[in-house]
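Quick note: the coordinates plus some simple rules give every number you see, no bench work behind them. It should be emphasised that the depicted structure is a prediction, and the values quoted were computed from it without experimental measurement. Here the Cβ positions follow ideal geometry from the backbone for every residue, glycine too, while neighbour counts run over all protein chains shown.
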Amino acid sequence: MEAPIENDLCTRIRRSEQALMAHHEAVLRAYGLTMTQYTVLLFLSREGGMSGAQLARSCGVTQQSMSSVLTNMETKELIRRETSPVHAKVQIATLTDEGQTLLDRAYQEVIILERALTEAFTPSEHASLCELLERATTVLIQQTRHTTTPPAT
């Protein structure tokens, strides 16, 4: 062991992620949304219509999980799905008025944390933190791609 676990970057990143998710989940629960559903609403609001595969990649979940999420959201009338004009087997999800209204309401509470985090740093620190997190994310993605199965012992 080289240093206490509290000094490990991965441990610190994980703790930050857990705190962020706990906060968002508590806020979103009041709106009947999961984090994945909220993220779907956010992407559809910003990007327009998207396929289930595109949403799965954007949200970091499997296509099978996204299919269940979209079915649930369609039942709640938060999204609608229509056949793609380009590919007959692909369904394109778009926001309904109800979905946009719910997103707008939930976003007003979610943004409070974003503002609090931004205010906790000077503009220079904020810019540096964003850059450092992007760099860390790039390393994490690269390392995940290069991970191999450990040899059998």
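A few comments on the model shown:
- Residue match in the range 58-66 (condition: in contact (Cβ under 8 Å) with a residue 40 or more places away in the chain and in contact with a helix residue (DSSP H, G or I) (Cβ under 9 Å, 6 or more places away or on another chain)): no
- Complete set of residues in the range 80-120 that are part of a strand (DSSP E or B) and among the small types (Gly, Ala, Ser): Ala93
- Helices (runs of 4 or more DSSP H) completely within the range 1-70 that count 3 or more residues being out of contact with any strand residue (DSSP E or B) (no Cβ under 9 Å at 6 or more places or on another chain), exposed (fewer than 13 other Cβ atoms within 10 Å of the Cβ) and not small (Gly, Ala, Ser): 9-29
- Residues of the range 102-140 that are farther than 18 Å from His24 by Cα and hydroxyl-bearing (Ser, Thr, Tyr): Thr122, Ser124, Ser128, Thr137, Thr138.
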